[in-house]
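Single-structure report; data block below.
The values are calculated or read from the model by the stated rules, or taken from the named source; none is laboratory data. Bear in mind the structure is a predicted one, so any value in this text is a computation, not a measurement. Counting neighbours? That spans all protein chains shown, and the Cβs are built from the backbone with ideal geometry, glycine included.
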Amino acid sequence: MSSRYRSKAKNNKKLVIFTSIIIVLFILLYFFIQASKSGGESGAFKQGPDLANQPVEGMQDAKVSIVEFGDYKCPSCKAWGEQIYPKLKEAYIDSGKVKFAYINVLFHGDESKLGALAGEAVWKQNPEAFWPFHKALFAEQPTDNHDGLWITPDKIEEIAGTITPAINIIQLKQDLANQSNINEVNIDEQLVLDFNVQQTPTIMINNVVVNNPFDYDTIVKIIEEQANE
Ligand code: CA
């Protein structure tokens, strides 16, 4: 082999090594970007869900809205309502800085649907009865066997009977039997799809989805960012 050919072969080898290094760098960069995306505090949509005809607690014109996508059958939602929500209520909802809304998710089948229909029916009857009913329904979720059947028309009737302001039980029974509020439940299901809700609870602060709904410090940070925008 002449020296000219040897040097060409050498150059080709260099090119292959150089190209391989570039490819490896791009692969590393790709994984780095993916990792930083999933390790972030939150993801953002262009805007938050439309809250028209959704139960909203607090000052209706508050600049910051927190939306819980929740399911009455979900143990994490019950835990979130006991651990995180009271802190938010005291620090932000009661002071008028934040309004809070609840959107139904039906990840646990017929019982989720019945709970959602009951919530919507109570909201339609009397918005002031909704939040006490909503909390009482979560409170009745059994801690030991939450997968067992517990959301039944009888249980809903029993809970509704304990609520102040009073709920019209006869009306509620009719609404459940006739699925009178199925449109509202369908609207919520569409929002679950639109916002790609994969787990419950999913918490959105304005247009921002919180990665870990139990990370109170991050929730506070996002609230403050949104309030100052
Ligand atoms: Ca709804």
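One table, with the values for the structure above:
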item: Test result for S76, more than 15 Å from the ligand (Cβ to nearest atom) and modelled with pLDDT under 95; result: no
item: Selection status of V209, in contact with a strand residue (DSSP E or B) (Cβ under 7 Å, 6 or more places away or on another chain) and either within 13 Å of E120 (Cα to Cα) or away from the ligand (no atom under 16 Å from the Cβ) (or both); result: yes
item: Flag for A101 being part of a helix (DSSP H, G or I), touching a residue at least 40 places away in the same chain (Cβ under 8 Å) and within 13 Å of the ligand (Cβ to nearest atom); result: no
item: Single unsatisfied condition, I163 versus (1) surrounded by 17 or more Cβ atoms within 10 Å (Cβ to Cβ); (2) within 16 Å of the ligand (Cβ to nearest atom); result: (2)
item: Count of residues meeting criterion [of a type in the set (S, T, N, Q), buried (at least 20 other Cβ atoms within 10 Å of the Cβ) and within 20 Å of L51 (Cβ to Cβ)] in the range 87-124; result: 1
item: Residue list for the range 106-121, restricted to those being assigned to a loop (DSSP other than H, G, I, E, B) and within 12 Å of the ligand (Cβ to nearest atom); result: L106
item: Those residues of the range 42-59 which are more than 16 Å from the ligand (Cβ to nearest atom) and either buried (at least 20 other Cβ atoms within 10 Å of the Cβ) or not hydroxyl-bearing (S, T, Y) (or both), in sequence order; result: G43, A44, F45, K46, Q47, G58, M59
item: Among residues of the range 132-151, those that are more than 12 Å from the ligand (Cβ to nearest atom), crowded, with 18+ Cβ neighbours inside 10 Å and assigned to a helix (DSSP H, G or I), counted; result: 3
